[in-house]
Amino acid sequence: MLSVLQSKKPLLTTLLLSALTFNSYATEKFRVCADPLNPPYSSKQQDGYENKIASLFAKQLNQELEYYWFPQRIGFVRNTLKAKLDNSDLYKCDVIMGVPAGFDFTATTDAYYHSSYVLLIAKGRGWDDITIPEQLRSLPLKKQESLKIAMFDRGPGTAWLQHSGLLEQGAPYQTMTGDHENNTAMMIAKELQVGNIDMVILWGPMAGHVISQDPENFKVLPMKSSLNMKFDYSMAMGVRYGDKQRKTQLNELIKINKDKIATILESYHVPLLPIPAAQKK
């Protein structure tokens, strides 16, 4: 029975893709709102993993992939997904490829991956014996004083440092750099390389980008969520409220491309966790 079902799976997938293609969106472009310099997510060179997933979907829908580029900072949704082109009723773009599941500013699809913050440690700088993040709390005073760990203006990493009594050892950085040549992941990669910091608590996909620059030079330790501190989150895609047909279409694409999406994410060193049942629909 299993082999019979497996043999039918490619045919079922083909039929479903055909149904997705020949709907009311079939003559439209696959129009994505994206940041032009935001590795590992997106770039104008279209070498981010969100670019790869968007390209996969566009090909399966037989649509031309088109981007509206805008820096992903405060006002991103207002200036992209919810903004219309001048002298037109057409919106600038239709899909944001990565938003938190349940995001307030857009309707969201089913989650397509679940990741976590990690403690990323540069090897060979005296910290190779750290095997769990909690060890940093009980370091000898002299060793603790030599700690150089990045601390952001917001996020669970900073809350963890404060709770662990390590706030004074944190090197402060901004979550949004305002730098037109470096996003946060790029900045942290450079800071680790030159030795301004030795470690950082970083969102999984961003940590993946840092790792990709020198895969053998980093130790990756997952940060575990607790009742009082959450480190793991599901990510979805965002569309305009009321755009139910596009949301349904994306959900079907996410479903049938589950394995391909995972392969793309793994190639970018994104640490993946099982998607919680509550995010699967």
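Details
- In the range 229-253, the residues that are outside the structural domain of residue 54 (by TED's automatic domain parsing) and over 20 Å from residue 115 (Cα atoms) form no Cβ pair under 6 Å with any partner that is at pLDDT below 95 and part of a strand (DSSP E or B), whether six or more places apart or across chains.
- Residue 224 meets each of the listed conditions (1) buried (at least 20 other Cβ atoms within 10 Å of the Cβ); (2) touching an Asp or Glu at 6+ places or on another chain (Cβ under 9 Å); (3) of a type outside the set (Val, Ile, Thr); (4) in a loop (DSSP other than H, G, I, E, B) apart from (1).
- Residues of the range 58-92 that turn out to be over 28 Å from residue 256 (Cα atoms), surrounded by 15 or more Cβ atoms within 10 Å (Cβ to Cβ) and under 18 Å from the mean Cα position of the chain (by Cα), as a count: 4
- Residue that is surrounded by the most Cβ atoms within 10 Å (Cβ to Cβ), among those in the range 93-141 that are in the same structural domain as residue 193 (by TED's automatic domain parsing) and at positive phi: 126
- Cβ separations smaller than 8 Å between residues 6+ apart or across chains give the following pairs from the range 191-203 residues that are closer than 29 Å to residue 114 by Cβ to residues that are part of a loop (DSSP other than H, G, I, E, B) and among the aromatic types (Phe, Trp, Tyr): 198/127; 199/127.
- Any hit, the range 173-184, residues being over 23 Å from residue 106 (Cβ atoms), touching a Pro at 6+ places or on another chain (Cβ under 9 Å) and buried (at least 21 other Cβ atoms within 10 Å of the Cβ): no
- For the range 105-163, residues that are among the charged types (D, E, K, R) and touching a residue at least 60 places away in the same chain (Cβ under 8 Å) total 4.
- The single condition among (1) within 24 Å of residue 50 (Cβ to Cβ); (2) aliphatic (A, V, I, L, M); (3) surrounded by fewer than 16 Cβ atoms within 10 Å (Cβ to Cβ) that residue 206 does not meet is (3).
- Pick from the range 29-45, criterion in contact (Cβ under 8 Å) with a residue 60 or more places away in the chain and in a loop (DSSP other than H, G, I, E, B), ranking: surrounded by the fewest Cβ atoms within 10 Å (Cβ to Cβ): 41
- The range 46-143 holds strands (runs of 3 or more DSSP E) entirely within its bounds, and those carrying 2 or more residues that are out of contact with any Pro (no Cβ under 8 Å at 6 or more places or on another chain) and among the aliphatic types (A, V, I, L, M) map to 95-100, 113-122.
One line per residue, one yes/no per condition, for (1) under 19 Å from residue 80 (Cα atoms); (2) of a type in the set (Asp, Glu); (3) at pLDDT 95 or above:
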position	(1), (2), (3)
212	no, no, yes
218	no, no, yes
221	no, no, yes
232	no, yes, yes
237	yes, no, yes
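- Among the residues of the range 259-279, those that are touching a residue at least 12 places away in the same chain (Cβ under 8 Å) and part of a helix (DSSP H, G or I) comprise 260, 261, 262, 264, 265, 267, 279.
- For the range 191-198, the criterion of being charged (D, E, K, R), part of a helix (DSSP H, G or I), within 26 Å of residue 124 (Cα to Cα) and modelled with pLDDT of 95 or more is met by at least one residue.
The values are calculated or read from the model by the stated rules, or taken from the named source; none is laboratory data. Being a predicted model, the structure only gives us computed values, none of them experimental. Please note: Cβ atoms are built from the backbone with ideal geometry, for glycine as well, and neighbour counts cover all protein chains shown.
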